[in-house]
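Values in this text are rule-based calculations from the coordinates and carry no lab data. Note that the structure is predicted; figures quoted are calculated from it, not measured. Note that we place each Cβ from the backbone using ideal geometry, even for glycine, and neighbour counts take in every protein chain shown.
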Amino acid sequence: MKRFTRLLWLAGLLTLCLCLALTACDGGEGDVTTPTLAPTEAPTEPATEAPTDTPTEEPTDVPTDAPTDAPTEEPTEEPTEPETEAPVLMPTVDLDKLAADDAGAFVTRPTKCEVSFEVDDTEGKFLRMTTKSVTAAGTAKPYILLELEELVTAMNGILPNTTEYPHVVLKVRANDLWSRSLTYFGAPTVREAANFEGFARTARVADSGDWQYVYLNLTPFTKNWKVLFLNFEKAAGKDGESMDLAEIHFFATAEEAATLYPNMADTYPIVEQTMENYKLKVMSFNVQTENGTSVDFDLRAELLRDLMDELQPDSIGMQEVTTGWIYRMDTYSFNQSYAGVGEGRTPGGEASSIYYRKDKFDLVDHGTFWLSETPDVAGSSLPNANYPRICTWARLKDKATGFEYVHINTHLDHNGNNSGTDGRAIRTAQVRVILEFIQTLPDLPMVFTGDFNQAPTSSAGNTYAMFKNVLGLSTFKSSTGEEITGCFADARADAADTVSTDAWASMTAYWQEGGSKYDPAHKPIDYVFYTPDTFTAQVYRNIHYHRDGVYLSDHLPQYCELTVKVPADGE
């Protein structure tokens, strides 16, 4: 009996040892599955506790009948710490989303203005620039430097690479401004912006009091700019005039900007016409170079733009068009309705440009030639002429009616170092070069504009030879021996509604009362000629456009309206 009892005791001991051994094997690795060899009955002593990092309820291997979307490695619980939101590219900067209220955090060196953040019912937060310390018209150039990169960073964003996104649209609003220009350029640093080392562009802002989009193009500026220079109200005449900025948009192409903002085009309406009521509006204007005048260049550009807004000519012959004027005309004074043609008389020198309504006319052909014995040689001139002189022409075709005409424009030599007699002889020779060239043009209606630097008649009332040639009152022999007769009429003399001879002076000095040269009856030197067999002159004006007595040029613009003669049936 004792022997049987000892055997039972040994069997129990072996069973206990086996359980302990199996339990020890289960706790050795965290990914070992629950053992299948466990006894059906619980051991007489508790099993050793498994490690805390080992799952004790589910196998780590997914059974074949488990759902396929169950995670196999990562826990399903959300992380306890949320990840930091990464900055995103911000092609649109909405000031309403600005993180701080302090304008000074992103605006540097406000000049002749103060800045603040305001709130609009529809736009939310926006930046307002308000003029201050303005003493007189043309003396103030209020501007700010807007640190775009810092502003975007404060909004947890990344500023687009502006060499790849150079087309910018600003959402702005003008408040009681006289000068509706908004000039901007980009620069890599505040220092470069403050030193005007960027590439400037100017846009026109409608003075309607409404929010609007204006388009600006910095394509020629090749650096990646991070600071935006904004200059508004260039000709500010009083304090308290303001410009508001709500949004900044960046685009890779102009087409993208136009697609999203189709109403931002700065153009004039086109009046539908038929040949029975066709009216052509042409001008001649010597805009004066930046030399010889103390009037602010940007103020003059603003006056020219106001003049274009009022008259909206079909084509205008310009004289003394410098590179500085070309920049202002192409970017501001003439809106997107216009395009210009014409070379300088020397590289980088004055041009006799022709600007025309490109939205109304197709440019069929154009060119510039020199008033010399070799017109095709750039820079050539007649003997004893003070400067090389040029003539520019453009053949234009109305897109709607098919009507074509040629606009010819010139600036003849002044007396300079020559006597009055010699100066008139040179100008007569220059006009003959033009009239000879006209023989090579198609037989079309023509207008002939320019600063001729000469009165039509002598003090005794005799018509000078130059005008006899232009008006067809005399003939001359061309370089090939051909007899040539002019084909033009003087719109000032012929228009049904025109200026009188006691008020026909075309230089501003003769209109300044109290001045030493005041004499409105002084004979003009600027003209609009036309072909009388194809046109009828209806209106002729000296345009007296100025601000508070400040003119934009020493010449008055010459404005003319012509109607087209419609041939009778069978003609």
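For this structure, a couple of remarks:
- Ordering of 85-95, 319-329 by burial proxy (mean other Cβ atoms within 10 Å per residue, highest first): 319-329, 85-95
- Among Phe250, Phe403, Phe529, a tally of other beta-carbon atoms within 10 Å of each Cβ gives an order, fewest to most, of Phe403, Phe250, Phe529.
- Amide H contacts under 5 Å for Val364, placed H, 5+ residues apart: Arg395, Leu396, Lys397
- Bridge type composition, the range 88-264 - antiparallel percent by DSSP, nearest 5: 95
- Net charge, His555 excluded, C-beta distance under 13 Å - Lys, Arg +1, Asp, Glu -1: -3
- With neighbour counts taken as other beta-carbon atoms within 10 Å, the residues His544, His407 rank, fewest first, as His544, His407.
- Per-peptide packing, taken as the mean over residues of other Cβ atoms within 10 Å, places 110-116, 298-304 in the sequence 298-304, 110-116 from highest down.
- As a ratio to 2.2 N^0.38 Å, the alpha-carbon radius of gyration for the range 104-249 is 0.98.
- With neighbour counts taken as other beta-carbon atoms within 10 Å, the residues Val550, Val566 rank, fewest first, as Val566, Val550.
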